[in-house]
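Have a look at the structure below, then the notes.
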Amino acid sequence: MRVLVGRMREFGPTIFAEMTQLAVRTGAINLGQGFPDEDGPAAMLAVATEAILGGRNQYAPGLGVPELRQAVSDHAKETQGLSYDPDTEILVTVGATEAIAAAVLALVEPGDEVIVFEPFYDSYPAAIALAGGARRAVPLRPVDGRFTFDPADLTATPRTKAIIVNSPHNPTGTVFTHDELAAIAAFCRDNDVIAITDEVYEHLTFDGVKHVSLATFPGMRERTVRISSAGKSFSVTGWKTGWICSTPELVSAVTAVKQFLTYTSAVPWQLAVAHALRHELGWVNGLRDQLQAKRDRLSRGLSRAGFEVLRTAGTYFVQTDIRPLGFADGLELTRRLPELAGVVAIPTQVFYDHTEAGRHYVRFAFCKRDEVIDAAVERLSALQA
Ligand code: PMP
Ligand code: GLN
């Protein structure tokens, strides 16, 4: 691809696009890309259609419609006890993806280092590359079936500008504990590092585990760019409506970039998400309970089918080790999985710089109807034969 700028050449089409295309082409059950197969709350959907039919179809103000900024502010207060001024400390974005890219482009100079936990969500390295930054991967490794990191691996150089912290974590399903977050907070404070937190799964935690924002730790509110989005909480991944909460200075910096990426974000979705943050958290509690049951259903099924299943405390995903089934390479296996078993999954190794460490992991999504999960498990049982 000679026309593509050098800094983007290491990135091909995303694994999600590749694997969803594979599912469409082969008719396989898609437990790859994380999107639910049932709709979000009906009243929220109605607000979006009413907004369109009611003439709310022109540009939003740059920071986002006031209704949503106020709802995001109230939601942060209610769920995390964090106060953000809706006029200066909140910016609405086109999904968390734009928020991440705009934050990195706004804060990272060419040559600055950004730390990511590995395996990482695929948009982080791409955003860092666009900014001309250098990424450094700190490994998450399974300890007693749960992915965690060694605080001793959190080290900084004079060029370390930021760390991207995703909890609940895609693709491992880890929700960072108080001690893990405290270690990251101490690292940020001691080394004057900015935290960019990706909290898109903030409501999708299981077994009574609570999501706690890194911004609640001492000295962290002023150095954290908090990012979330409506897609996962309200089952509308296609709406691409996200937001940033931070200090006026950091929000202004990110806005300076966002205004030239997309100018503003789509209005009807913003109004519907404002409604959802105010009135649909009860619905979200129901979704969380359903997802917990689906996690158990899929985890049990995958164990029966011969996978080693790791523990998931949040998100849409379970992580499996394929070696007990006699496979060694998840990328090879997932490319053949439609033909072997009629199922699509995600090879976790593509989220690693140190590919070897992730070669034997495959991620499955459980945000699907029970009969879809059951059918997938039944098909996957064929691998054992
Ligand atoms: N971060 C993580 C960890 C994700 O899994 C996703 C995918 N939903 C995103 C960011 C992107 O979110 P959005 O669709 O709101 O851009
Ligand atoms: N976040 C979703 C996942 O991890 C996919 C988002 C995308 O396709 N970029 O599966």
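The values are calculated or read from the model by the stated rules, or taken from the named source; none is laboratory data. All of these numbers come straight from a predicted model, not from anything done at the bench. Heads up, the Cβs are rebuilt from the backbone with ideal geometry, glycines too, and the neighbour counts pull from every protein chain shown.
Summary of values
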quantity	calculated
Identity of the residue in the range 311-326, buried (at least 21 other Cβ atoms within 10 Å of the Cβ) and hydrophobic (A, V, I, L, M, F, W, C), that ends up farthest from T174 (Cα to Cα)	I322
Any hit, the range 7-16, residues being within 22 Å of the chain's Cα centre (by Cα), under 21 Å from V200 (Cβ atoms), in a helix (DSSP H, G or I) and not charged (D, E, K, R)	yes
Output for the range 228-280, where each listed residue is hydroxyl-bearing (S, T, Y), within 16 Å of ligand 1 (Cβ to nearest atom) and either part of a helix (DSSP H, G or I) or free of Cβ contacts under 8 Å to residues at least 24 places away in the same chain (or both)	S233, T237
Unique match (being in contact with a helix residue (DSSP H, G or I) (Cβ under 8 Å, 6 or more places away or on another chain), modelled with pLDDT of 95 or more and within 29 Å of I115 (Cβ to Cβ)) among A313, A345	A345
Top-ranked residue in the range 240-261 [being buried (at least 24 other Cβ atoms within 10 Å of the Cβ) and within 16 Å of ligand 2 (Cβ to nearest atom); ranked as farthest from V225 (Cα to Cα)]	T241
Failed criterion for Q80 (all others in (1) modelled with pLDDT under 95; (2) touching a Ser or Thr at 6+ places or on another chain (Cβ under 7 Å) hold)	(1)
Those residues of the range 192-235 which are over 18 Å from V175 (Cβ atoms) and in contact with a Pro (Cβ under 9 Å, 6 or more places away or on another chain), in sequence order	F234, S235
Qualifying residue in the range 75-86 (condition: within 16 Å of ligand 1 (Cβ to nearest atom), aliphatic (A, V, I, L, M) and not in a strand (DSSP E or B))	no
Selection count, the range 20-51, where residues are farther than 22 Å from V200 by Cα, of a type in the set (A, V, I, L, M) and either surrounded by fewer than 18 Cβ atoms within 10 Å (Cβ to Cβ) or within 16 Å of ligand 2 (Cβ to nearest atom) (or both)	6
Any chance T157 is polar (S, T, N, Q), more than 16 Å from ligand 2 (Cβ to nearest atom) and either crowded, with 24+ Cβ neighbours inside 10 Å or modelled with pLDDT of 95 or more (or both)	yes
Residue count, the range 116-137 (criterion: part of a strand (DSSP E or B), within 16 Å of ligand 1 (Cβ to nearest atom) and of a type outside the set (D, E))	4
Residue among A276, A305, A266, A272 that is in contact with a Pro (Cβ under 8 Å, 6 or more places away or on another chain) and either of a type in the set (G, A, S) or surrounded by fewer than 19 Cβ atoms within 10 Å (Cβ to Cβ) (or both)	A276
Matching residues, the range 329-385, being outside any helix (DSSP H, G or I), aliphatic (A, V, I, L, M), more than 18 Å from V24 (Cα to Cα) and within 16 Å of ligand 2 (Cβ to nearest atom)	V362
Residue selected from the range 204-222 under the condition outside any loop (DSSP other than H, G, I, E, B) and among the hydrophobic types (A, V, I, L, M, F, W, C), by the criterion nearest to R288 (Cα to Cα)	L214
Tally of residues being surrounded by 20 or more Cβ atoms within 10 Å (Cβ to Cβ) and over 30 Å from S299 (Cα atoms) across the range 172-186	1
Exclusive hit being within 16 Å of ligand 2 (Cβ to nearest atom) and without any contact (Cβ under 8 Å) to a residue 24 or more places away in the chain, set G54, G12	G12
Some residue of the range 84-98 being modelled with pLDDT of 95 or more, within 16 Å of ligand 2 (Cβ to nearest atom), in contact with a Leu (Cβ under 9 Å, 6 or more places away or on another chain) and charged (D, E, K, R)	yes
Flag if A102 is more than 16 Å from ligand 2 (Cβ to nearest atom), in contact (Cβ under 8 Å) with a residue 24 or more places away in the chain and either on the phi < 0 side of the Ramachandran plot or in a helix (DSSP H, G or I) (or both)	yes
